[in-house]
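Remarks on the structure that follows.
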Amino acid sequence: MTTRTVHTVHPSPLGDLLMTGSVSPAGHTLMALSLPGRCGAPAVRPKDRDDRPFTEAHRQLDAYFAGRLTRFDLPLAAPGSPFQQTVWRALDEIPYGTTVAYGELAARLGVPRSGIRAVGRALGANPLLLVRPCHRVIGADGSMRGYAGGVERKRWLLTHEGALQPALI
């Protein structure tokens, strides 16, 4: 059984999104959704580009950015430690249009206050931006903390989802 790693690019209001996935006779799984050139973005080779396995991911991303999708339903296979996987699964439980503080997320996971930074590091290692919505985790004071896509994109996503009011200029 041969498994290949492939990628494609999806244009979005945030800029191009790089999707990488694994393709085998058993099917396709999404391994990463990132911004090319940003921290944590996988290195890809042009010869490994294949748009076909990402048809459903493209459809769901378009629906999300059009405001018609609030939860992704894609086969995922992001590599990570057991702790990271636990934190990332908890992100799936944060509803669209809401936010949660780092400390509250840690408490939901049974992580003591001394482990909040470990939760933050796991969030920072999340390879599936948007799909696993780490942008919905904010500081206890409501401040925008780090985001692999940049704080300005985090603010845009939260405004798009209705968790933040648009800024008046």
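Once the chain from M144 to R71 is taken as fully extended at 0.36 nm per residue, the excess over their C-alpha distance is 24.1 nm. For M31, the amide hydrogen comes within under 5 Å of the amide hydrogens of T20, G21, S22, A77, counting only partners 5 or more places away or on other chains and with H modelled in the peptide plane. Distance between the C-alpha centres of segment 96-169 and segment 8-69: 21 Å, rounded to the whole angstrom. Volume per residue for segment 12-169 equals 121 cubic angstrom (convex hull of Cα atoms). Rolling a 1.4 Å probe over the protein heavy atoms of segment 28-169, with every protein chain left in place, gives an accessible area that is 54 percent carbon and sulfur. How would you classify segment 103-165 from its alpha-carbon gyration tensor, with a ≥ b ≥ c the square roots of the eigenvalues: rounded for a/c under 1.5, else prolate if a/b is greater than b/c, otherwise oblate? Prolate is the answer for segment 103-165, as a/c is 1.5 or above and a/b outweighs b/c.
Residue by residue, segment 106-114 carries 3J(HN,Hα) couplings of 4, 4, 4, 8, x, 8, x, 3, 5 Hz when phi is fed to the Karplus relation 6.51 cos²θ - 1.76 cosθ + 1.60 (θ = phi - 60°); x denotes Gly or Pro.
Helix 55-65 and the long axis of the chain differ in direction by around 30°, with both axes built from C-alpha atoms. Here's how it looks for R145: its modeled amide H is under 5 Å from those of G139, which are all 5 or more places away or on a different chain. Largest first, the residues E93, E104 sort by 1.4 Å accessible area into E93, E104. Take the Cβ-Cβ distance between R89 and T3 as r, set R0 to 25 Å, and report the resulting FRET efficiency rounded to the nearest 0.05. That gives a FRET efficiency of 0.60. Here the Karplus curve 6.51 cos²θ - 1.76 cosθ + 1.60, taken at θ = phi - 60°, turns the phi angles of segment 66-74 into couplings of 7, x, 9, 10, 10, 8, 7, 9, 10 Hz, with x standing for Gly and Pro.
The values are calculated or read from the model by the stated rules, or taken from the named source; none is laboratory data. The structure presented is a predicted model; accordingly, all values stated were derived computationally and were not measured. Heads up, the Cβs are rebuilt from the backbone with ideal geometry, glycines too, and the neighbour counts pull from every protein chain shown. Each accessible area value is taken on the protein alone, full model and side chains, heavy atoms only, with ligands, DNA and RNA left out. Shrake-Rupley method; radii C 1.70, N 1.55, O 1.52, S 1.80 Å.
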